[in-house]
Structures are given as structure tokens and as C-alpha cells.
Amino acid sequence: MNKEDVLNIVSKKVKLIRHEKGYTQEKMAEVLGISKKTLVQIEKGRMPAAWTCVVAICALFGDSEVIQAALGEEPLEVIETMVHGRVDRPKEKTLGGKVWWKQMKNEKGFVLQQNVISKHYRIIDMDHYRWFSSFEKDETFMYFDELLKNHPINPPFCSGRS
């Protein structure tokens with residue numbers, strides 16, 4: 001999945017997301033910071049949403065079933081991973097990957113998963129905090145191995161985070 005794929009996917013879902021949230025075109029345009037005319041053009045498929053609009057949709061409507069069905073349970077994670085190439089720092093707590101993720105490895109309290117929709121990889125800990133995300137399989141597996149080497153068998157997982 002690349003930036004163009006995400007632009008096309010999200011652009012095609014804008015109207016469904018708007019209906020799911022019960023917004024009028026005026027309200028949706030206001031929320032996204034675009035004109036109603038631009039929103040109509042996007043909804044009719046005459047133009048794709050701009051990248052900033054797509055990022056706003058993923059950030060503001062990440063809980064939408066429509067957007068989650070298109071990009072997975074954490075659409076903003078897809079965007080962040082795509083933009084930065086990878087994310088390699090402990091991050092926000094995830095939902096644990098029960099729906100949109102295929103487990104690849106599970107060792108010493110870390111789980112390596114692949115998103116079934118976007119195909120990107122991530123590593124989470126037993127408390128479901130994300131440690132790493134990337135679209136590169138080899139890079140993710142190497143990072144996973146490094147985590148295992150650098151953490152004790154019973155690591156002090158993230159339980160003190162708020």
C-alpha cells in the first residue's frame with residue numbers, strides 16, 4: 001500500500017464516512033476544512049481528496065467502521081508508518097490486533113503482526129503498546145530479533161503508562 005492507494009481508498013469512502021457519522025455535506029466540509037464544492041467533487045469521484053484531507057479523515061474519523069474496513073483498526077498508524085517509513089518508538093496503546101492483524105511471531109512478551117488490509121507490520125508488547133511499525137518485512141523481523149536480545153525474559157512492560 002502506498003500514498004496513492006490510500007488517497008484513492010479514502011477518497012472513495014468519504015461519502016460513506018459522512019453518512020455513517022450523520023453529517024451533512026456542509027458539516028463534513030467544515031470539519032475537514034474544505035469547501036462544500038470540493039467535498040461534492042470528492043464524493044462524486046471527480047477528484048481525489050488532498051493528502052492533508054485524507055490525513056484529517058484518518059485522524060478525526062479513525063473510529064469509523066468504514067475507514068477501519070478500508071485501512072484496518074488504526075488508520076492513523078497506517079498513515080504514520082507510510083509517511084515516516086517506519087515507527088520505532090513505544091507509542092500509544094493499541095487494541096491488541098484481534099481483528100485486523102495476523103500474528104507472525106510471539107516471543108518473550110512481544111508480538112509481531114501483519115495488518116491484513118494494509119499489509120504493514122508492527123510489533124506490540126503484552127500490554128498492547130506499539131513499539132515498531134514498518135511496511136518492510138525484513139526490517140521488522142530484524143527489529144523484533146533485536147528487541148528479544150535487548151529485553152529480559154520478563155520485561156517491565158509499559159504498565160505505568162497513562
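Worth pointing out:
Condition check ((1) buried (at least 21 other Cβ atoms within 10 Å of the Cβ); (2) among the acidic types (Asp, Glu)) across all residues:
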{"site": "102", "(1), (2)": "no, no"}
{"site": "105", "(1), (2)": "no, no"}
{"site": "112", "(1), (2)": "yes, no"}
{"site": "117", "(1), (2)": "no, no"}
{"site": "124", "(1), (2)": "yes, no"}
{"site": "130", "(1), (2)": "yes, no"}
{"site": "137", "(1), (2)": "no, no"}
{"site": "141", "(1), (2)": "no, no"}
{"site": "145", "(1), (2)": "no, yes"}
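- With respect to the conditions (1) within 22 Å of residue 122 (Cβ to Cβ); (2) in a helix (DSSP H, G or I), residue 30 falls short on a single one, namely (1).
- Among residues of region 76-91 that are farther than 10 Å from residue 133 by Cβ, those with a beta-carbon under 8 Å from a residue that is modelled with pLDDT under 80 at least six positions away or on a different chain give the pairs 90/158.
Residues checked against (1) over 30 Å from residue 146 (Cα atoms); (2) in contact with a Ser or Thr (Cβ under 7 Å, 6 or more places away or on another chain):
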| residue | (1), (2) |
| --- | --- |
| 31 | yes, no |
| 52 | yes, no |
| 81 | no, yes |
| 124 | no, yes |
| 131 | no, no |
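- Hey, residue 97 out of contact with any Cys (no Cβ under 6 Å at 6 or more places or on another chain), within 24 Å of residue 5 (Cα to Cα) and either basic (Lys, Arg) or at pLDDT 80 or above (or both) or not: no
- Residue 40 vs. criteria in contact (Cβ under 8 Å) with a residue 60 or more places away in the chain and aliphatic (A, V, I, L, M): no
The values are calculated or read from the model by the stated rules, or taken from the named source; none is laboratory data. In this text, all values refer to a predicted model and were calculated from it rather than measured experimentally. Neighbour counts are summed over all protein chains in view; Cβ atoms, including those assigned to glycine, are modelled from backbone coordinates with ideal geometry.
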